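Taking it in order: structure first as structure tokens, then the write-up.
The values are calculated or read from the model by the stated rules, or taken from the named source; none is laboratory data. Quantities reported herein were computed from a predicted structural model and do not represent experimental measurements. Here the Cβ positions follow ideal geometry from the backbone for every residue, glycine too, while neighbour counts run over all protein chains shown.
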């Protein structure tokens with residue numbers, strides 16, 4: 001049972017890490033944009049606009065602290081992984097995300113994929129890829145569990 005829990009903890013930590021990663025890039029983009037605007041205002045208008053750096057720096061520090069706390073929680077949640085376990089976990093989470101995306105696909109889009117596969121006569125089309133992924137999730141999880 002311990003290997004089962006360790007595998008689930010590793011999957012959860014990886015899934016959460018991949019979920020929050022885009023938020024980091026968005027936050028970095030916003031902060032860099034704000035810094036560019038402040039630099040432009042200082043250059044074009046007045047040096048008094050440097051005071052706008054105070055709230056930007058405070059918000060950045062709060063964001064960094066929140067990011068570090070989240071990373072600490074994810075590191076605590078995840079069991080220690082070797083390279084093989086880490087790769088297997090990433091592959092499983094990727095396959096799981098792909099299956100989840102397929103399940104949430106609207107019906108008109110699914111119909112488009114099926115018709116496209118029929119028209120172009122693809123052997124490995126949308127339906128076969130989806131069923132193959134969903135059929136191999138359980139054996140993949142069992143193989144991942146055996147690594148722990």
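Among the residues of the stretch 25-43, at least one is outside the structural domain of residue 86 (by TED's automatic domain parsing), part of a helix (DSSP H, G or I), closer than 30 Å to residue 80 by Cα and touching a helix residue (DSSP H, G or I) at 6+ places or on another chain (Cβ under 7 Å). Against the test of being more than 12 Å from residue 12 (Cα to Cα), exposed (fewer than 14 other Cβ atoms within 10 Å of the Cβ) and outside the structural domain of residue 143 (by TED's automatic domain parsing), the options 109, 66, 70 yield a single qualifying residue, 66. Annotation note: of 97, 101, the sole residue that is assigned to a helix (DSSP H, G or I) and surrounded by 11 or more Cβ atoms within 10 Å (Cβ to Cβ) is 97. Residue 92 meets the conditions (1) touching a residue at least 60 places away in the same chain (Cβ under 8 Å); (2) outside the structural domain of residue 148 (by TED's automatic domain parsing) in every case but one. The failed one is (2).
It is to be established whether one or more residues within the stretch 119-132 are out of contact with any helix residue (DSSP H, G or I) (no Cβ under 7 Å at 6 or more places or on another chain) and modelled with pLDDT of 75 or more. No, the stretch 119-132 has no match at all. Among the residues of the stretch 57-78, write down those that are at pLDDT 85 or above and in contact with a helix residue (DSSP H, G or I) (Cβ under 6 Å, 6 or more places away or on another chain). Across the stretch 57-78, the qualifying residues are 60, 63, 74. Being closer than 30 Å to residue 34 by Cα and assigned to a helix (DSSP H, G or I), is that true of even one residue in the stretch 73-82? Yes, the stretch 73-82 contains at least one residue that is closer than 30 Å to residue 34 by Cα and assigned to a helix (DSSP H, G or I).
For residue 101, the requirement of being within 28 Å of residue 131 (Cβ to Cβ) and not assigned by TED's automatic domain parsing to the domain that holds residue 138 is not met. Evaluated against (1) farther than 24 Å from residue 23 by Cα; (2) not assigned by TED's automatic domain parsing to the domain that holds residue 6, residue 50 falls short on exactly one condition, (2).
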